[in-house]
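Below: one structure, written as C-alpha cells.
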Amino acid sequence: MKKTLVAGFAAAMMAFGAMNSAVVTNAAPPEPSHTPGQIMVKFRDNGAPAAGALRQHGLSEGTGIGSTGAHLITVPAGKELQLAEALSRNPAVEYAEPDPVVTAATTDQYFPRQYALQNTGQSFTNTSGTLTVDKGTPDADVDAVEAWTVTTGVDVKVAVLDSGVANDNPDINPKVVARANFTNGETGDDNYGHGTHVAGIIAATANNTLGVAGTCPGCSILDGKVLNDSGIGSSSGLADGINWAVSNGAKVINMSLGVRPSRTLESAVNNAWTKGAVLVGAAGNGGNQTKIYPGAYPNVIAVGATDNTDAKASFSTYGASWVDVAAPGANVYSTFPNHTFVLGTQNKRSFGYDVGNGTSMSSAIVAGVAALAWSSHPGDTQASVRYYVESTAEMKSGQATFWAHGRVNADKTVRAVR
C-alpha cells in the first residue's frame, strides 16, 4: 500500500509540473475590524427585561447564534461599539460585544510545490518564472505516507470553516458531504480560493492520478462557508458554523482564520469541545507572539508553521505559552478552484493546483492528523485524540520557545497509546 501511494503522489507531482506557477505575492492580512451593523448580546433573562433593554436604544430582538445563548442584534452602522458598551451596563445583559470580522490566516510567497507529506530532501520554488530546486531536510515532513499504512481516515468527517470548497475541482469536490453558507457569498462554491486550498490539504483524494493527496485522504469534508467571496466573515457566522459542524457529525473542526477574541465565539468553541469535537486553528502570520483567535482559546489546538528544513517559518506567529504544535506551512501545494477566484486574480495563482503559505496550511495539516488519530482510535475521546497529536509531536532543537510540543508526526500519532 505504501509503495502504491508513494508512486501515485509522485506521478501527480510530475503531471502538474508543467502548469504555470507564477510568482505569488500577498500582503499580510489587515487588522481585523468589526462587522458593521450588528452586535452580539447575551441576556441574563430572555423575557421582558431583555426586550426592554433593547427597546431603550431603539433596537429589536435578533436571531440566536448557534448554541451560545447569544443573539445577533442589528444596529445602525457606526454605532456598534457605543451600543455594545451601553447595553453592557444594563443589569438584564450578561454581555454585549461587537461582531469582529474573520479573515483568512494566510501569506503568499514564491513556492510552487509541496513537500509536507513526504519530504525527499527537496522542494521547489519559483522566482520570477524560473523553477529551481530548494534543498531541504529529508525528514521535515509529517510522515503521512507511513501513517496511511495504519489508516487513511475513512468515514471521519472534518469541518472546514472557511471560504467554501470549489465544486469544479475533481480532487476535492467529491469529498464534500454537506455544505452550509453563513455569509453573503455564493452558496455551494468558493470564489475566494482559500477554503479549497485548505480542504485539499486535509482530504484531497489519494492514488487517483489527479493532483495531490490530502493528509487524511479517506476523510470527508463538511464545507461550512464562513468567509465570503472576498475572504471576509463575521464571528457570529463562525460561531454558527461551529454549531452546524457539530450538529452534522464533525469529529474535527478546522479554522484556518483569525479574529479578535469574542465571548460568543469562545462559547461556541467550548460547546463544540464539550460535545466531542477536536478543534484546530491557525496561530497567525505576524512573525511575533501576538495571539489570534480562535486558535488561542484553550479548547483549540493552535498551530504554528515550519518550512522544508524543519525550522520555524519566518512568518509564523509563535509562543510556547499558547501555540501548541507546528506543521509545514511554507510552500504547501494543494487544490484551487478551476474557475476565476480572488486569490488567483490578485496573486496569479494557477487554476486547479498551486501553493499556499501560512499557518492556514499548517492548521489544515494538523486537522488531517487529528482525523487520522480519530480513525485509529475510534473509541477514544476528543481529549485523548488531542493528547495523541500533541504528545507525539517532535520538538526540534531551539524551538521550545516557539510552541509547546513540536512539529506533528502523523505516523506516531496514529500508533500512539495512552
**OP:** Looking at (1) surrounded by fewer than 24 Cβ atoms within 10 Å (Cβ to Cβ); (2) under 15 Å from the mean Cα position of the chain (by Cα), find the lone condition where Asn191 falls short.
**Re:** (2)
Original post:
Can you find a residue in region 75-95 that is part of a loop (DSSP other than H, G, I, E, B), of a type outside the set (Asp, Glu) and under 27 Å from Ala272 (Cβ atoms)?
Top reply: no
**OP:** For Ala206, work out the one condition from (1) among the aliphatic types (A, V, I, L, M); (2) in a loop (DSSP other than H, G, I, E, B); (3) at pLDDT 95 or above it doesn't fulfil.
**Re:** (3)
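Scan region 316-344 for residues that are part of a strand (DSSP E or B) and small (Gly, Ala, Ser) and jot them down.
Hits for region 316-344 are Ala326, Ala327, Ser334.
Criterion first (within 13 Å of the chain's Cα centre (by Cα) and in the same structural domain as Gly237 (by TED's automatic domain parsing)) does Val278 satisfy it?
On the way: within 13 Å of the chain's Cα centre (by Cα): yes; in the same structural domain as Gly237 (by TED's automatic domain parsing): yes.
So Val278 fits the description; yes.
Residues checked against (1) surrounded by fewer than 24 Cβ atoms within 10 Å (Cβ to Cβ); (2) part of a loop (DSSP other than H, G, I, E, B); (3) in the same structural domain as Lys275 (by TED's automatic domain parsing); (4) out of contact with any Phe, Trp or Tyr (no Cβ under 6 Å at 6 or more places or on another chain):
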site: Ala213; (1), (2), (3), (4): no, yes, yes, no
site: Pro217; (1), (2), (3), (4): no, yes, yes, yes
site: Asn228; (1), (2), (3), (4): yes, yes, yes, yes
site: Gly233; (1), (2), (3), (4): no, no, yes, yes
site: Gly237; (1), (2), (3), (4): no, no, yes, no
site: Gly241; (1), (2), (3), (4): no, no, yes, no
site: Trp244; (1), (2), (3), (4): yes, no, yes, yes
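Within region 140-150, can you find the residues that are part of a helix (DSSP H, G or I), surrounded by fewer than 24 Cβ atoms within 10 Å (Cβ to Cβ) and of a type in the set (A, V, I, L, M, F, W, C)? Explain how you work it out, then say what you get.
Just the residues of region 140-150 that are part of a helix (DSSP H, G or I), to begin with: 144-147.
Those left that are additionally surrounded by fewer than 24 Cβ atoms within 10 Å (Cβ to Cβ): 145-146.
Correct list: Val145 only.
For every residue, the table says whether it meets (1) surrounded by fewer than 24 Cβ atoms within 10 Å (Cβ to Cβ); (2) without any contact (Cβ under 8 Å) to a residue 12 or more places away in the chain; (3) more than 27 Å from Lys396 (Cβ to Cβ).
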site	(1), (2), (3)
Lys251	no, no, yes
Ser262	no, no, yes
Trp273	yes, no, yes
Leu279	no, no, no
Ala282	no, no, no
Thr290	yes, no, no
Ala296	yes, no, no
Asp310	yes, no, no
Original post:
So is Gly295 out of contact with any helix residue (DSSP H, G or I) (no Cβ under 8 Å at 6 or more places or on another chain) and not basic (Lys, Arg) or not?
Top reply: no
Subject >> Yes/no for Ala404 being within 22 Å of Gly193 (Cα to Cα), touching a residue at least 40 places away in the same chain (Cβ under 8 Å) and either in contact with a helix residue (DSSP H, G or I) (Cβ under 8 Å, 6 or more places away or on another chain) or not polar (S, T, N, Q) (or both) >> reply: no
Original post:
Looking at region 151-174, which of its residues are surrounded by fewer than 24 Cβ atoms within 10 Å (Cβ to Cβ), within 20 Å of Leu372 (Cβ to Cβ) and among the charged types (D, E, K, R)?
Top reply: Asp155, Lys157
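Evaluate region 391-401: report whether one residue or more is hydroxyl-bearing (Ser, Thr, Tyr), buried (at least 24 other Cβ atoms within 10 Å of the Cβ), farther than 20 Å from Val142 by Cα and touching a residue at least 60 places away in the same chain (Cβ under 8 Å). Spell out the reasoning first.
Applying the first criterion (hydroxyl-bearing (Ser, Thr, Tyr)) to region 391-401 yields 391-392, 397, 401.
Add one more test, that the residue is buried (at least 24 other Cβ atoms within 10 Å of the Cβ), and what stays is none.
The answer is no; no qualifying residue exists.
The values are calculated or read from the model by the stated rules, or taken from the named source; none is laboratory data. Quick caveat, the model's predicted, so the values are computed rather than measured. All Cβ positions, glycine included, derive from the backbone under ideal geometry; neighbour counts span all protein chains shown.
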